[in-house]
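**Q** Handing you a structure now.
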Amino acid sequence: MGAKLARPDRTVVGLTGDGGAMYTYQALWTAAHLGLDVKLVVCHNASYRLLKENLAAYRRDDSPDQPYPPFFDLTSPRVSFVRLAEALGVAAFRLVEPAQVEQALCTLLGHRGPALLEVVLDRDVTPARG
């Protein structure tokens, strides 16, 4: 939001994961309230995948098959960032298939006003092997 306020003439696209977005969804209301023409992309894999990948790399040979901590799972309840954005006054779109990328980006960038693109990603992590 700050980048768009500082440079209202520029296209601003914010990118975050679903875990990080859970801490900052209030920014959606701010974008709608101020009418900021900002574009937001939420990569949604229903888990803290970056943390899982880091833990898998750390474990390597010690305990590669040990389950991940339960708080790494964001499936219950699964958040719909499209519905959340719409509830806060922001237009939102969902991208599920790779073939939809071009059209989804055109829709996102072509929308006047704040808009969010929820990109649904694979949630599986392959443990790192040394």
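The values are calculated or read from the model by the stated rules, or taken from the named source; none is laboratory data. Quick caveat, the model's predicted, so the values are computed rather than measured. Backbone-built Cβ (ideal geometry, glycine too); neighbour counts: all protein chains shown. These area figures cover heavy atoms from the full protein model, side chains too; ligands, DNA and RNA do not enter into them. Shrake-Rupley method; radii C 1.70, N 1.55, O 1.52, S 1.80 Å.
**Q** Along the principal axes of its C-alpha atoms, what lengths does the chain span, in descending order and rounded to whole Å?
**A** Taking the Cα atoms of the chain, the three principal extents are 52, 30, 28 Å.
**Q** Can you give the alpha-carbon Rg of segment 1-50 over 2.2 N^0.38 Å, where N counts its residues? Intermediate values should be presented prior to the final figure.
**A** Details: Rg = 11.8 Å, N = 50, 2.2 N^0.38 = 9.7 Å.
Cα Rg divided by the expected 2.2 N^0.38 Å: 1.22.
**Q** Can you list residues from other chains, or at least 5 along the same chain, whose modelled amide H is less than 5 Å from the amide H of G14?
**A** Long-range HN contacts for G14: K39, L40, V41.
**Q** Considering only the chain, what is the antiparallel percent among its DSSP beta bridges, to the nearest 5? Let's see the in-between values first.
**A** Working: 2 of 19 bridges.
Around 10 percent of the beta bridges assigned by DSSP in the chain are antiparallel ones.
**Q** By accessible area of protein heavy atoms, probe 1.4 Å, what ranking do T107, T24, T11 get, highest first? Walk me through the intermediate numbers first.
**A** Numbers: T107 45, T24 80, T11 110 Å².
Descending accessible area places them as T11, T24, T107.
**Q** What accessible area per residue comes out for the chain, rounded to a whole number of Å², with a 1.4 Å probe? Numbers along the way, then the final one.
**A** Numbers: 8160 Å² over 130 residues.
Computed with neighbouring chains in place, this is 63 Å² per residue.
**Q** Here is a further query. Sort 45-56, 76-87 by packing, meaning the average of other beta carbons within 10 Å per residue, with the highest value first. Could the numbers behind the result be given before it?
**A** Values: 45-56: 17.7, 76-87: 15.2.
Ranking the peptides 45-56, 76-87 by packing returns 45-56, 76-87.
**Q** Let me ask something else about it. Could you work out [θ]222 nm for the chain from helices alone, using -39500 (n - 2.57) per DSSP H run of at least four and dividing by all its residues? Round to the nearest 500 deg cm²/dmol. It would help to have the intermediate numbers written out before the result.
**A** Working: 6 runs with 46 residues, N = 130.
Value at 222 nm, helices only, nearest 500: -9500 deg cm²/dmol.
**Q** Could you order Y68, Y58 so the one with the most accessible surface comes first? Probe is 1.4 Å. Please report the intermediate quantities before stating the final value.
**A** Working: Y68 70, Y58 180 Å².
I get Y58, Y68, largest accessible area first.
**Q** If I ignore ligands, DNA and RNA and count only protein heavy atoms, how much of H44 is accessible to a 1.4 Å probe, in Å² to the nearest 10?
**A** 0
**Q** 5 Å is the cut-off here: which amide hydrogens, built 1.01 Å from N in the peptide plane, fall below it relative to L121, excluding neighbours closer than 5 in sequence?
**A** Amide H neighbours of L121, under 5 Å, 5+ apart: H44, N45.
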